[in-house]
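Peer 1: Got a structure here, written out as structure tokens. Questions coming.
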């Protein structure tokens, strides 16, 4: 009984440690992809050392159905494994996946396609246009600046 109580105290202590104290080298994902409502793509790729490469691949006018739309300039960033933005991103993705009332089966213009690969396999879903997707895109805008 004492062993269980001590284990619980240790786990509780770990759960409240600031995100910047320990690197996320054992994170539950190796790649994350997010396509916004206009098909601009955000990609996160974790290396063996835990560092994460971020790339924003925008739609160009040549790729656009109108011939005019541009998602802006490409962006990239090399992220430390303990970057607090990665912790915030993973937390938000978990919440978005769990709230299935915001999911949609069809990838229509304005929806967001989210996927990741990890030890547990590939996860993917589509989120409806709305405040939740806007919040995710706001968070993603902070990468590659």
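Peer 1: Kindly indicate whether residue 33 is outside any loop (DSSP other than H, G, I, E, B) and under 24 Å from residue 145 (Cα atoms).
Peer 2: On the way: outside any loop (DSSP other than H, G, I, E, B): yes; under 24 Å from residue 145 (Cα atoms): yes.
Yes; evaluated as a whole, the condition is true for this residue.
Peer 1: May I ask you to list pairs of residues, at least six apart or on different chains, whose Cβ atoms are under 7 Å apart, with the first in segment 127-145 being on the phi > 0 side of the Ramachandran plot and the second being surrounded by 13 or more Cβ atoms within 10 Å (Cβ to Cβ) and at pLDDT 95 or above?
Peer 2: Listed by first residue and then by second, the contacts come to 130/102; 144/54; 144/56; 144/75; 144/77.
Peer 1: Let me ask another. Can you find a residue in segment 91-102 that is out of contact with any strand residue (DSSP E or B) (no Cβ under 9 Å at 6 or more places or on another chain), surrounded by 15 or more Cβ atoms within 10 Å (Cβ to Cβ) and at pLDDT 95 or above?
Peer 2: Of the residues in segment 91-102, the ones out of contact with any strand residue (DSSP E or B) (no Cβ under 9 Å at 6 or more places or on another chain) are 91-92, 94-95, 98, 101.
Now drop any that are not surrounded by 15 or more Cβ atoms within 10 Å (Cβ to Cβ), which leaves 92.
With the extra rule that they be at pLDDT 95 or above, the set shrinks to 92.
Yes, segment 91-102 contains at least one residue that is out of contact with any strand residue (DSSP E or B) (no Cβ under 9 Å at 6 or more places or on another chain), surrounded by 15 or more Cβ atoms within 10 Å (Cβ to Cβ) and at pLDDT 95 or above.
Peer 1: Follow-up. Under the condition of being assigned to a strand (DSSP E or B) and in contact (Cβ under 8 Å) with a residue 40 or more places away in the chain, which residue from segment 103-126 is surrounded by the fewest Cβ atoms within 10 Å (Cβ to Cβ)? Break it down into steps so the answer makes sense when it comes.
Peer 2: As a first pass, look at segment 103-126 and keep what is assigned to a strand (DSSP E or B): 103, 112-118, 121-126.
Add one more test, that the residue is in contact (Cβ under 8 Å) with a residue 40 or more places away in the chain, and what stays is 112-118.
Values: 112: 25, 113: 16, 114: 21, 115: 16, 116: 21, 117: 16, 118: 14.
This residue is 118.
Peer 1: Condition first: crowded, with 16+ Cβ neighbours inside 10 Å, more than 19 Å from residue 145 (Cβ to Cβ) and in contact with a helix residue (DSSP H, G or I) (Cβ under 8 Å, 6 or more places away or on another chain). Can you find one or more residues in segment 44-61 that meet it?
Peer 2: No, segment 44-61 has no match at all.
Peer 1: Of all residues in segment 65-82, how many are farther than 17 Å from residue 34 by Cα, within 16 Å of the chain's Cα centre (by Cα) and either free of Cβ contacts under 8 Å to residues at least 40 places away in the same chain or surrounded by fewer than 13 Cβ atoms within 10 Å (Cβ to Cβ) (or both)?
Peer 2: The number of residues fulfilling the criteria is 1.
Peer 1: Can you go through 20, 25, 60 and tell me which one is modelled with pLDDT under 50, part of a loop (DSSP other than H, G, I, E, B) and either within 23 Å of residue 114 (Cα to Cα) or under 12 Å from the mean Cα position of the chain (by Cα) (or both)?
Peer 2: When all the criteria are applied, what remains is 25.
The values are calculated or read from the model by the stated rules, or taken from the named source; none is laboratory data. This structure is a prediction, so every number in the text was calculated from the model and none was measured. Reconstructed Cβ throughout: ideal geometry from the backbone, glycine too, with neighbour counts over all protein chains shown.
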